[in-house]
Amino acid sequence: MTEPKHGIVLGGGWAGMLAAHVLARHLERVTVVERDVLPDGPRHRKGSPQGRHVHVLWSSGARIVDTLLPGMIDQLLDAGARRIGFHQDLVTLTSHGWQHRFPPRQYALMCTRPFLDWKVRDRVLATGRIVLRQRTEILDLVGDAKRVSGVRVRDMDTGAREALEADLVIDASGRGSRLRHWLSALEVPPLEEDIVDAGIAYATRVYQGPPGAAAGFPAVNVAADHRLREPGRFGVVYPQEDGTWMVTLSCTRGAGLPAHDDDFLPYARTLRHPLVSDLIDLAKPLTSVAVSRVGANRRLYPERLDIWPEGLLVLGDALAAFNPIYGHGMSSAARAAAALDTELQRSGTDAGAARRAQHAISATVDDPWIMAASKDVEYVNCRMSTTDPRLTGGAVARQRFSDLIADRSIRSSAVCDVVTDVISLTAPQSELASSRFLSLMHKDRVLPELTEPPLTADELALVNLTPHSTVSAGGS
């Protein structure tokens, strides 16, 4: 099919809307099929439970979004999103100590997920070339192992069923995707799947901080130390678009999690440092605790199949879902959308185009996959089902090298720059094995170890803390 006309995207979330926007650049018509009613505003929805916890959009993803939707990032900032320069605008206790606040190399946008989804969705749908079918359930794919030619759907209000024809179908239906079941019905061989599950869980509350703190105080991140060989506990305080703080506490399997309001602050005091608990002890809670226990790293490998149907692609969390603590999900979806755009420009939906596009999309998730999975396997009680040799072999040597990088990057500006480029998905992970980087590891000046959070006097004054109160209050 050299003149594609209609594309269908399964799922109207972040990944689905970016994919739909890309399709609308190349096809005459695009339909987005979505189970939920998407809110007309920055409100939570049932199909996105993870949206109640902290999210970041790394600069790599932000740049792609701004290319696809020119001016989008400025619109988000003008509407209140906070741009956090890494690491100047962030105070972080890493597994190896406090991170020096070097001049920013990359950045992340911090705002609530419903706000971000809403703003981007409005821009995407404003073109008028995308039809949104809400309250519509996907039943199965239409076609066979050689080609997918549409989907069968059911109206969730009336129960009416119908088949929708399409030149290209994209599964962006998230972690709950039934792709493996749909493909089995078409007699496509089973997809290989890797799972690395550290048992991550999240508990979040929104707070009203002291006046001026949301705009003038840095983001805060207190991480666990995997070397202790005990379940990890984490805590972050991130500014949001409405001048509030979103506080997310998380843990790996075996650490427990605060499920009730009265348990939230006491749990924060069990983190490796009391900075998070000190901050929220001074702030007013605005919401009750929201809990989520969906955080396993999971990846499918459609590119490994000898048979892949023409007219079908999968991306976003339906293809690869990561532990949300690393903040790679939204940027990975943006990278997939960019890869899709490139492939459609190159060959449209000609024979073999879907396989080539799927290979390109799958390649974009490899770096965030191995970064998240290799980190999570270091925690006790992690459950793993994978054939990835990077995860199943050389664990001791890999962890030793990772620890060396972590120790250097918090105290060396040049090393930190490269690591931040990689973590933000701006540079490939292979850069950490380059001769240039290895030379920096040995030659760059290493600053002294920090013994307290690197906060200025003005910042401490914003939140009514003294230089020593963050050391003596609470904690364990």
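The values are calculated or read from the model by the stated rules, or taken from the named source; none is laboratory data. All values reported here derive from a predicted model rather than from experimental measurement. With ideal geometry, Cβ positions are generated from the backbone for all residues, glycine too; neighbour counts draw on all protein chains shown. Note: accessible area is taken over every heavy atom of the protein model, side chains too, but ligands, DNA and RNA are not part of it. Shrake-Rupley method; radii C 1.70, N 1.55, O 1.52, S 1.80 Å.
Measure off, as a whole percent, the carbon and sulfur share of the 1.4 Å-probe accessible area of the chain, all protein chains present.
Values: 9850 of 19450 Å².
Carbon and sulfur: 51 percent of the exposed surface of the chain.
If you place +1 on the Cβ of every Lys and Arg, -1 on the Cβ of every Asp and Glu, and leave all else neutral, what size is the dipole of the range 388-435 about its Cα centre, to the nearest 20 Debye?
Roughly 180 debye for the range 388-435.
Does the range 55-191 classify as rounded, prolate or oblate by the C-alpha gyration tensor (a ≥ b ≥ c root eigenvalues; a/c under 1.5 gives rounded; else a/b over b/c gives prolate, otherwise oblate)?
prolate
Show the residues, 5+ positions off or on another chain, whose built amide H is closer than 5 Å to the amide H of A198.
N297, R383
Quick check: the angle from helix 14-24's long axis to the longest principal axis of the chain, C-alpha only, nearest 10 degrees?
Computed tilt is about 40 degrees.
How much mean residue ellipticity at 222 nm does the chain get from its helices, if each DSSP H run of length 4 or more adds -39500 (n - 2.57) and you divide by all residues, to the nearest 500 deg cm²/dmol?
About -9500 deg cm²/dmol.
What residues have an amide H closer than 5 Å to that of V30, excluding those fewer than 5 places away on the same chain, when H is modeled at 1.01 Å from N in the peptide plane?
Under 5 Å from the amide H of V30: G7, V131.
Quick one: putting +1 on the C-beta of Lys and Arg, -1 on the C-beta of Asp and Glu, what dipole do you get for the range 255-408 around its Cα centre, in Debye to the nearest 20?
Dipole of the range 255-408, to the nearest 20 debye: 320 debye.
What does the accessible area per residue of the chain come to in Å², with a 1.4 Å probe and no ligands, DNA or RNA counted?
41
So what's the angle, to the nearest 10 degrees on a 0 to 90 scale, between helix 353-364 and the longest Cα principal axis of the chain?
So the inclination is approximately 10 degrees.
To the nearest 20 debye, what is the magnitude of the charge dipole of the range 318-397 about its Cα centre, counting +1 on the Cβ of each Lys and Arg and -1 on the Cβ of each Asp and Glu?
Details: 7 positive and 8 negative charges, 15 e Å.
Rounded to the nearest 20 debye, it is 80 debye.
Show the residues, 5+ positions off or on another chain, whose built amide H is closer than 5 Å to the amide H of S149.
Sorted by chain and number, the residues that satisfy this are V142, G143, D144.
Roll a 1.4 Å probe over the protein heavy atoms and report the accessible area of K5 in Å², nearest 10.
110
Tell me which of P274, G394, G209 sits at the most positive position along the dipole axis of the chain, charges placed on C-beta atoms (Lys, Arg +1; Asp, Glu -1).
Toward the positive end, the furthest listed residue is G394.
Taking +1 at the Cβ of each Lys and Arg and -1 at the Cβ of each Asp and Glu, which of L432, T136, I73 sits farthest along the dipole of the chain towards its positive end, judged by Cα position relative to the Cα centre?
Positive-end residue among those listed: L432.
Each residue of the range 272-287 in order: what ³J(HN,Hα) in whole Hz does its phi give by Karplus 6.51 cos²θ - 1.76 cosθ + 1.60, θ = phi - 60°, with x for Gly and Pro?
Values, residue by residue: 5, 9, x, 4, 4, 5, 4, 5, 6, 5, 9, 10, 9, x, 10, 9 Hz.
Using a Cα-Cα cut-off of under 30 Å, which lysines could be cross-linked to K146, ignoring same-chain neighbours fewer than 8 residues away?
K5
In degrees from 0 to 90, rounded to the nearest 10, what is the angle of the helix 59-68 Cα long axis to the longest principal axis of the chain?
40
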